[in-house]
Amino acid sequence: TEVSIGNGVKTIGKHAFSSCPKLTKVTFGENVTSIGYGAFYNNTALAAVDFSSSVNLVSIDQYAFQINTALKELDLSACTKLVSIGQWAFQNDYSLTTIKFPNSLQTIGNYAFSECKGLTSVEIGEGLTCIYDYAFRYCSGLKSVNIKGGNNATIGYCAFYDCNGLESVNIGNGVTTI
């Protein structure tokens, strides 16, 4: 099953498409500004999420894509207005290997990508203000982290806890507190 969100939709509400076992792909229209609490929670067959038209997306709320174990890639680079990813938003997405964040991203919530064990690299742009506690906890496949900049940015408690595969970490001058 595929879901295509039309350009007339601005908000996707709480648990709108959660626990849909046959959902395999979601494509977002250009006017979606927020994806609500648990909107796509626990869709274990969801393998593709297309944000390429999502130029007005501002926030992804907590639990929005949690436990989507088939999701492999997350490309948010077209979401040039995205400022926040909520806590637990992508937690337990075990198959997630790559993430592309836009430079506009300011905050990554508590546990947002925790236990994404397939994740191999993370690159975060210059808009960063905070990576909250445990954001990338237990990402055992994570090999490289590149935080380009930030604006007096903070990296929270245990943000990269037990990422035992880390080989390279680059933290730019805009990060002031770890």
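Coordinate-derived values only; no laboratory data. Being a predicted model, the structure only gives us computed values, none of them experimental. Cβ: placed from backbone, ideal geometry, glycine included. Neighbour counts: every protein chain shown.
Using the Karplus curve 6.51 cos²θ - 1.76 cosθ + 1.60 with θ = phi - 60°, what ³J(HN,Hα) values do you get for each residue of the range 133-142, in whole Hz, with x for Gly and Pro?
3, 6, 3, 10, 4, 6, 8, 5, x, 5
Considering amide H positions built from the backbone, and no H for Pro or chain starts, which residues 5 or more places from V175, or on another chain, come under 5 Å of its amide H?
A153
How large is the direction-averaged shadow of the alpha-carbon convex hull of the range 99-178, in nm²? Walk me through the numbers on the way to the answer.
Numbers: hull surface 16.3 nm².
Its Cα hull, projected and averaged over all orientations, spans 4.1 nm².
Would you kindly state how much longer the chain becomes between T44 and K22 on full extension, computed as 0.36 nm times their sequence separation minus their alpha carbon distance, in nm to one decimal?
Length gained, T44 through K22: 7.1 nm.
For F113, what charge total do you get from the other residues with a beta carbon under 12 Å from its beta carbon, if Lys and Arg give +1 and Asp and Glu give -1? Write down the numbers at each step before the final one.
Details: positive: K117, R137; negative: D93, E115.
So the environment of F113 carries a net charge of 0.
Go through T120, C130, S104 and say which Cα lies farthest out towards the positive end of the charge dipole of the range 103-149; charges sit on Cβ, +1 for Lys and Arg, -1 for Asp and Glu.
Value computed over the given set: T120.
Relative to the Cα centre, what is the charge dipole magnitude of the range 46-178, using +1 at the beta carbon of each Lys and Arg, -1 at the beta carbon of each Asp and Glu, and rounding to the nearest 20 debye? Mind showing how you got there, number by number?
Numbers: 7 positive and 11 negative charges, 20 e Å.
Taking the Cα centre of the range 46-178 as origin, the dipole is about 100 debye.
Please compute the modelled spin-label separation between N151 and E30, points set 7 Å along Cα→Cβ, answer in nm with one decimal.
If labels sit at E30 and N151, their model points lie 2.6 nm apart.
Let me confirm the definition first: pairs of Lys residues in the chain, 8 or more apart or on different chains, C-alpha distance under 20 Å. How many are there?
The result is 16.
Grab the other residues whose beta carbon is less than 13 angstrom from that of L57, score K and R as +1, D and E as -1, and report the net.
-2
Scan around I124 for amide H atoms under 5 Å from its own, H built in the peptide plane at 1.01 Å from N, and keep only partners 5 or more places away or cross-chain.
For I124, the qualifying residues are N146, I147, K148.
Rounded, prolate or oblate, given the Cα gyration tensor of the range 27-178, with a/c below 1.5 counting as rounded?
oblate
Name the residues whose placed amide hydrogens come within less than 5 Å of the amide hydrogen of A16, ignoring near sequence neighbours (fewer than 5 apart) on the same chain.
Those qualifying (amide H under 5 Å, at least 5 residues apart or on another chain) are A39.
Sorted by average packing, counted as other Cβ atoms within 10 angstrom per residue and highest first, what order do 31-40, 59-68 take? List each step's numbers first, then the result.
On the way: 31-40: 21.2, 59-68: 23.8.
The packing order, highest mean first, is 59-68, 31-40.
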